[in-house]
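Peer 1: One structure is given below, represented as structure tokens, and several questions about it will come after.
Each reported figure results from applying straightforward, stated rules to the coordinates on display, with no laboratory input. Since the model is a prediction, treat every value here as computed from it, not as a measurement. Ideal geometry is used to build each Cβ from the backbone, glycine not excepted, and the neighbour counts take in all protein chains shown.
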Amino acid sequence: MDANIFLGQLGAGLAVGLAAVGSSIGAGLAGMSAAGSWAKDAKAGKGLRFIYIICVAAPITQTLYGSIIMLLMSGKLALAPAAGGTLFGIGLATGLGEMLSAWMQGAIGAAGCRMLSEAEGKGFAFILIALGIAETVGIFTMVFMLYLLYTIV
């Protein structure tokens with residue numbers, strides 16, 4: 001197998017693979033905090049809040065963004081003999097951008113669950129804004145890498 005083709009394929013795998021790692025870590029961080037918040041609420045005799053699920057689910061979208069880049073990269077693999085290094089770079093940049101965005105979104109979600117539990121659900125809009133800011137990093141990563149992909153002819 002040609003090294004450039006391998007680099008292109010590796011880049012496509014890294015785009016979705018690293019994004020999925022970040023989504024898993026982010027959802028795990030927020031999920032552990034949500035579980036603790038539910039336990040605290042239940043112990044206090046309060047109803048269990050569904051809003052924690054939003055904090056847990058937020059990091060999942062970055063895997064979707066990585067998948068979109070991966071699918072579009074697979075259409076460019078025929079050009080890999082000439083653009084394998086570029087495809088690798090796009091895949092790596094996508095994977096790292098999405099991974100860190102999802103990871104930090106999970107950290108925000110974890111802090112949000114704790115805050116919502118202690119503030120009795122107040123301030124949810126602020127948590128959504130903070131989650132949205134981290135989400136924007138993932139969206140920007142996808143958009144910028146889409147642009148780079150379309151420069152490959």
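Peer 1: Where Rh is the Kirkwood radius over the Cα pairs of the range 22-153, the temperature 4 °C and the viscosity 1.567 mPa s, what D in µm²/s does Stokes-Einstein return? Walk me through the numbers before you get to the answer.
Peer 2: Numbers: Rh = 15.8 Å.
The estimated diffusion coefficient comes to 82 µm²/s.
Peer 1: In the range 30-102, what trypsin sites (Lys or Arg not before Pro) fall in a loop by DSSP, with at most 15 other Cβ atoms inside 10 Å? Let's see the in-between values first.
Peer 2: On the way: sites: K40, K43, K46, R49, K76; in loops: K46, R49, K76.
Within the range 30-102, the qualifying trypsin sites (Lys or Arg not before Pro) (loop, at most 15 other Cβ atoms within 10 Å) are K46.
Peer 1: Another question about this same structure. Determine, from the Cβ-Cβ distance of A42 and A119 and an R0 of 25 Å, the FRET efficiency 1/(1 + (r/R0)^6), rounded to the nearest 0.05.
Peer 2: Using R0 = 25 Å, I get an efficiency of 0.90.
Peer 1: Per DSSP helix of 4 or more residues, -39500 (n - 2.57); summed, then divided by the residues of the chain. What does that give at 222 nm, rounded to the nearest 500?
Peer 2: Details: 5 runs with 129 residues, N = 153.
It comes out at -30000 deg cm²/dmol, rounded to the nearest 500.
Peer 1: Taking the Cβ-Cβ separation of F144 and A82 as r and a Förster radius of 30 Å, what is the calculated FRET efficiency to the nearest 0.05? Don't skip to the answer; put the middle values down first.
Peer 2: On the way: r = 22 Å, r/R0 = 0.72.
It comes to 0.90.
Peer 1: Mind checking which of A78, I152, G45 is farthest towards the positive end of the chain's charge dipole, using Cβ charges of +1 (Lys, Arg) and -1 (Asp, Glu) about the Cα centre?
Peer 2: Looking along the dipole axis, the top candidate is G45.
Peer 1: Okay, which of the range 134-153 sit inside 15 Å, backbone N to the point 7 Å along the Cα-Cβ direction of L72?
Peer 2: Flagged as within label range: 138-153.
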